[in-house]
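Reading through the structure tokens given below for one structure.
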Number of protein chains: 2
Amino acid sequence: MLYAEPIARLIGEFSRLPGIGPKTAQRLALHVVRMPREQAQSLAEALVAVKDRIIHCSICGNITENDPCRICTDPGRDPAILCVVEEPKDLVAMEKTREFRGHYHVLGGAISPMEGIGPDDLRLKELLPRLASGEVKEVVLATGPDVEGEATALYAARLIKPLGIRVTRIAHGLPVGGDLDYVDEVTLARALEGRREI
Amino acid sequence: MLYAEPIARLIGEFSRLPGIGPKTAQRLALHVVRMPREQAQSLAEALVAVKDRIIHCSICGNITENDPCRICTDPGRDPAILCVVEEPKDLVAMEKTREFRGHYHVLGGAISPMEGIGPDDLRLKELLPRLASGEVKEVVLATGPDVEGEATALYAARLIKPLGIRVTRIAHGLPVGGDLDYVDEVTLARALEGRREI
């Protein structure tokens with residue numbers, strides 16, 4: 001053991017975080033040695049606070065302090081349109097566009113046979129009861145543009161369509177500000193396919 | 001505020017760590033939401049334990065739980081040879097070579113006029129008293145192979161030489177401009193082996 005036990009232990013704990021290798025873990029732990037005590041305390045408290053205070057909204061599945069969450073209880077939002085996303089971070093990405101004022105449904109992941117994640121592991125069963133009242137007129141499927149996201153969108157569409165509700169999928173295409181020849185062929189083909197009159 | 005307060009706060013705390021940008025901080029905070037409570041608690045405790053239990057060795061300046069540290073109190077080590085390094089991580093890198101069995105002196109940095117770090121900001125003043133007893137026969141300067149490390153080595157050499165003690169510098173062979181603890185053990189062992197009088 002080359003580091004004193006508390007440091008070795010902190011390096012170990014940092015290493016367990018995703019994307020943090022042993023070198024980064026060491027760098028972070030040694031930074032903690034130098035940082036003011038209040039800052040280390042503050043990080044420690046923030047970690048525990050997340051575990052103590054964060055729950056999932058029983059309606060939409062988003063992470064929240066209060067159940068139901070702010071979005072589900074916001075009277076200014078349109079209950080006729082429901083956006084289905086994989087993860088809370090995708091909901092945040094949608095919110096940042098400031099273009100969507102409907103409600104959300106967070107699945108908690110995507111269908112992935114590779115990782116052993118099937119429809120029953122997602123909040124798909126909680127989706128249908130939300131559509132039963134007839135209030136929702138459109139479901140926007142905003143799952144990821146990868147294989148798992150596509151599979152999940154197709155699966156969800158097949159569930160929802162029999163209810164006579166409009167089901168849409170966010171468009172594939174070129175990233176704004178990108179370069180045409182930096183985009184892969186599949187994306188460019190989709191962008192061509194999805195072309196619209198201007 | 002797009003995330004609930006405890007999550008936003010944790011993202012903020014992670015962002016303050018070196019090399020952790022806003023995207024990584026978000027990824028880490030959302031990982032904490034999913035991780036077992038015990039793991040978050042364990043990371044929080046490890047953070048506080050480092051602040052509670054880690055001190056600097058009053059002899060060598062290394063980080064330790066006990067003062068003096070394990071290396072300074074190890075009777076199996078050779079007190080005739082003293083290795084001067086910038087940071088605790090450099091000491092660990094030296095230890096990993098298993099080639100050095102002497103004592104250490106950790107400066108706490110390197111002379112850097114750019115960052116306003118002068119000789120008085122380092123543990124250079126604590127170095128001379130350690131050499132006064134005449135027990136130390138050789139000082140190995142293992143500061144980094146960059147400009148600051150070289151300047152620090154030269155400065156230290158000028159302080160030590162009048163005492164009639166042999167002063168050596170670990171060999172070049174280290175990639176210039178690199179960081180001591182990013183070098184593989186074999187290279188660092190070679191550099192130690194090839195040290196020359198300055």
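Okay, here's what the table says:
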read-out: Net length gained if the chain between B:ASN66 and B:ILE165 were fully extended (0.36 nm per residue, minus Cα distance); value: 32.7 nm
read-out: Simple label model, 7 Å out from Cα along Cβ direction - A:ALA93 to B:THR73, nm; value: 5.4 nm
read-out: Built amide H within the under 5 Å cut-off of A:ARG166, gap 5+; value: A:VAL139
read-out: Calculated FRET value between A:HIS172 and B:ILE55, using beta carbons and R₀ = 56 Å, to 0.05; value: 0.45
read-out: Residue mean of other protein chain beta carbons inside 10 Å, B:50-60; value: 4
read-out: Distance violations [Cα-Cα > 26 Å] among A:LYS51/B:LYS23; A:LYS23/B:LYS125; B:LYS23/B:LYS96; A:LYS51/A:LYS89; A:LYS23/A:LYS96; value: A:LYS23/B:LYS125; B:LYS23/B:LYS96; A:LYS23/A:LYS96
read-out: Label 7 Å beyond Cα on the Cβ vector: A:ARG98 copy-to-copy distances, nm; value: 6.2
read-out: Paramagnetic reach from A:ALA8 (point 7 Å along Cα→Cβ, amide N under 14 Å) across the range B:75-102; value: B:92, B:96
read-out: Spatially proximal lysines relative to A:LYS137 (Cα-Cα < 18 Å; intrachain offsets below 8 disregarded); value: A:LYS161
read-out: Backbone HN-Hα couplings from phi across the range B:152-169 [Karplus 6.51/-1.76/1.60, Hz, Gly and Pro as x]; value: 5, 4, 4, 4, 5, 4, 5, 6, 7, 3, x, 7, x, 9, 5, 10, 10, 10
read-out: Label point 7 Å beyond Cα along the C-beta direction, distances from B:ARG16 to other copies (nm, shortest first); value: 2.3
read-out: C-alpha center-to-center spacing [the range B:1-16, the range A:143-183] in angstrom; value: 29 Å
read-out: Rounded, prolate or oblate (a/c below 1.5 giving rounded, otherwise prolate when a/b exceeds b/c) for the range A:76-169 by Cα gyration tensor; value: oblate
read-out: Label-to-label distance, nm, for residues given as B:HIS31 and B:ASP120 (7 Å Cα→Cβ offset); value: 4.4 nm
read-out: Global form of chain A, assessed from the alpha-carbon gyration tensor, a/c cut-off 1.5; value: prolate
read-out: In sequence order, calculated HN-Hα J values of the range B:14-26 (Karplus, 6.51, -1.76, 1.60; Hz; x Gly/Pro); value: 5, 4, 6, 6, x, x, 9, x, x, 5, 5, 4, 5
read-out: Farthest toward positive dipole pole in the range A:76-169 [+1 Lys/Arg, -1 Asp/Glu at C-beta], among A:ILE111, A:ALA142, A:ILE81; value: A:ILE81
read-out: Teacher prompt: A:ASP181 distances to equivalent labels in other copies, 7 Å Cα→Cβ, nm; value: 4.5
read-out: Fully extended contour minus Cα-Cα distance, from A:SER15 to A:TYR182, at 0.36 nm per residue; value: 56.7 nm
read-out: Global form of the range A:5-53, assessed from the alpha-carbon gyration tensor, a/c cut-off 1.5; value: oblate
read-out: Residue-by-residue Karplus 3J(HN,Hα) for the range B:89-105, coefficients 6.51, -1.76, 1.60, Hz, glycine and proline x; value: 5, 6, 4, 4, 4, 4, 4, 5, 5, 6, 9, 10, 10, x, 9, 10, 9
read-out: Long-range amide H partners of B:HIS105 with built H, under 5 Å; value: B:CYS83, B:VAL84, B:VAL85
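Values in this text are rule-based calculations from the coordinates and carry no lab data. Because the structure is predicted, anything quoted here is derived from the model rather than measured. With ideal geometry, Cβ positions are generated from the backbone for all residues, glycine too; neighbour counts draw on all protein chains shown.
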